[in-house]
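The values are calculated or read from the model by the stated rules, or taken from the named source; none is laboratory data. Note that the coordinates shown come from a computational prediction; the quantities given were computed from them, not determined experimentally. As a convention, Cβ positions derive from the backbone with ideal geometry for all residues, glycine included, and neighbour counts pool all protein chains shown.
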Amino acid sequence: MIPTPFTYKRAGSAAEALELVAEYGDDAKFLAGGHSLLPLMKLRLAAPEVIIDLSGLRDLSYVTDQGTYVAVGALTRHHDVEHSDVLARDVPLLAHAAGQVGDPQIRHRGTIGGSIAHADPASDLPAVLLALDATLVAQGSGGTREIPIGEFFQGLFETSLEPDELLTEIRVPKPASAGAWSFQKFSQRAIDWAIVGCAVQGGNVALVNMGGTPLRAAGVEAALADGAAPSDAAAHAAEGTSAADDIRATRAYREHLARVLVSRALTEASSRA
Amino acid sequence: MKVDLTVNGKDISADVEDRMLLVHFLRDVADLTATNVGCDTTSCGACTVLLDGESVKSCTVLAAQASGHEITTVEGLATNGEMHPVQRAFHQEHGLQCGFCTPGMVMAIVSLLKENPDPSEQQVRQGLEGNLCRCTGYHNIVRAALAAADEGKVSA
Ligand SMILES: Cc1cc2nc3c(=O)[nH]c(=O)nc-3n(C[C@H](O)[C@H](O)[C@H](O)COP(=O)(O)OP(=O)(O)OC[C@H]3O[C@@H](n4cnc5c(N)ncnc54)[C@H](O)[C@@H]3O)c2cc1C
Ligand code: FES
Ligand code: FES
């Protein structure tokens, strides 16, 4: 399988990437690790006319300690997020979850920015960053803006990024109790996306694949705030969700999984804290 | 477009279509046909090669993306006619049957051992989650990876 013909451009800097996207407009697509976009292009579900390769933006691959938060460059690969000492110490949830994405080969290519910008509700890192209350930094022709992650995901594969905006950084506030985390992922085969997943950090609970976007489990969070035990709080896990019925699982089964995984996650997080 | 790759230590420049996949570049332009295409959907790992020393699935990388980078295929592992320790371990432990998955398995293990020279059996199994084998049931492949790691300890 090969993609439809396109013109390949490699940007050497964020400024150059923005110039290229201004020049080619709607016909162009950014390419980071290529592990969501290239499979779609090979299946001809996407057919951009111009590809702007961001792999030359080496200065957007980093993990740095900024005091109250950890800054992660958008082009940082899953492999480097997984093995970051700063994240292992201050945000172990993110380091661990990055190590659960796909397989080692995929983690050598795929990037955190690509995963967020792609906005697949079945992906791991969008929900994890939602549980961590991350802030995203985007750069466009109009300058730089910060987007709270709660306002970022608009729908299936849809975000509040403008087509000519580049995601440059993900800012992850250091959780008060970094140890109180858990990540649960239920999948059919080793490298698959989650049928359902759940990320917990302190009292924050986010769900993978329970609707068109990653979701915060508001009912669970409210019950926890009222002092409910993990298993009682987890009973609220499917409230307000709209999980899909598809070949992998029925909606009812996904709702069941959400309750089970949230319960496991809350129990594990509180045992770690 | 013109791409310049270093493949198994040799510089190769060629004029290719922008959309050419790395695996097709290796097989059709560089004439290195050990690297197989199994699934073509980033799942099976048969097309695994090293890009700047790390395992990647070459069916999901453009030749254009690899331009300026170093690629190693299984053909590039032996030195002076001597098999690489991972290749030798596959031979000794009978780590293959039909051999289709083998080039990708070997490259995935070379990358795995570079990152973790002394893996547990569990770490080998997890490290190979992106490589499928239809024949062996994986046992001898895992044994081969562990044997190669042991040999590395002896020679280090
Ligand atoms: C077989 C397989 C299994 C996988 N399993 C999992 C899994 O278990 N869990 C999981 O979470 N993911 C999984 N993935 C997806 C993988 O994590 C991707 O790497 C990731 O979702 C996309 O990152 P990328 O860097 O490859 O993005 P690309 O494919 O390069 O880009 C994806 C989209 O984001 C846009 N984009 C990329 N970077 C930017 C940026 N900086 N600014 C603005 N737009 C940008 C692109 O234009 C494109 O639309 C899997 C992929 C494969 C092929
Ligand atoms: S052919 Fe590339 S992963 Fe199967
Ligand atoms: S030996 Fe036949 S597929 Fe692995």
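Structure notes:
- For segment B:46-59, the count of residues that are part of a helix (DSSP H, G or I), more than 13 Å from ligand 3 (Cβ to nearest atom) and assigned by TED's automatic domain parsing to the domain that holds B:Val16 is at least one.
- One residue stands out in segment B:129-156 among those that are touching a Gly at 6+ places or on another chain (Cβ under 8 Å) and within 16 Å of ligand 2 (Cβ to nearest atom): the one that is nearest to the other protein chains (Cβ to nearest Cβ), namely B:Gly130.
- Residue match in segment A:146-161 (condition: small (Gly, Ala, Ser) and crowded, with 18+ Cβ neighbours inside 10 Å): no
- Subset of segment A:7-36 that is hydrophobic (A, V, I, L, M, F, W, C) and in contact with a helix residue (DSSP H, G or I) (Cβ under 8 Å, 6 or more places away or on another chain) - its residue that is nearest to the other protein chains (Cβ to nearest Cβ): A:Leu31
- For segment A:37-46, taking the residues that are facing chain B (nearest Cβ under 9 Å) and part of a helix (DSSP H, G or I), the one that is farthest from A:Phe157 (Cα to Cα) is identified as A:Lys42.
- Cβ separations smaller than 7 Å between residues 6+ apart or across chains give the following pairs from segment A:117-129 residues that are closer than 13 Å to A:Ile195 by Cα to residues that are assigned to a helix (DSSP H, G or I): A:Ser123/A:Ser115; A:Asp124/A:Ala97.
- The one condition in (1) more than 17 Å from the chain's Cα centre (by Cα); (2) within 14 Å of chain A (Cβ to nearest Cβ) that B:His24 fails to fulfil: (1)
- For segment B:58-77, the criterion of being under 10 Å from the mean Cα position of the chain (by Cα), crowded, with 19+ Cβ neighbours inside 10 Å and at the interface with chain A (Cβ under 10 Å from one of its Cβ atoms) is met by at least one residue.
- Within segment B:33-49, considering residues that are buried (at least 23 other Cβ atoms within 10 Å of the Cβ), more than 7 Å from every other protein chain (Cβ to nearest Cβ) and more than 10 Å from ligand 1 (Cβ to nearest atom), the one nearest to the chain's Cα centre (by Cα): B:Val49
- Candidates B:Glu82, B:Glu115 - the one that is within 9 Å of chain A (Cβ to nearest Cβ) and either surrounded by fewer than 18 Cβ atoms within 10 Å (Cβ to Cβ) or in contact with a Cys (Cβ under 8 Å, 6 or more places away or on another chain) (or both): B:Glu115
- For segment A:117-132, residues that are part of a helix (DSSP H, G or I) and among the acidic types (Asp, Glu) total 1.
- Residue pairs whose Cβ atoms lie under 9 Å apart, sitting 6 or more positions apart in sequence or on different chains, and linking a residue in segment A:225-237 that is assigned to a helix (DSSP H, G or I) and surrounded by fewer than 16 Cβ atoms within 10 Å (Cβ to Cβ) to a partner that is polar (S, T, N, Q) and at pLDDT 95 or above, are A:Ser231/A:Ser263; A:Ser231/A:Thr267.
- Within segment A:90-116, the set of residues being within 14 Å of chain B (Cβ to nearest Cβ), in a helix (DSSP H, G or I) and in contact (Cβ under 8 Å) with a residue 40 or more places away in the chain comprises A:His96, A:Ile106, A:Gly114.
- Complete set of residues in segment B:95-128 that are assigned to a loop (DSSP other than H, G, I, E, B), within 15 Å of ligand 2 (Cβ to nearest atom) and within 17 Å of A:Asp103 (Cα to Cα): B:Cys101, B:Leu128
- Any hit, segment B:57-76, residues being free of Cβ contacts under 8 Å to residues at least 24 places away in the same chain and within 23 Å of B:Ile141 (Cα to Cα): no
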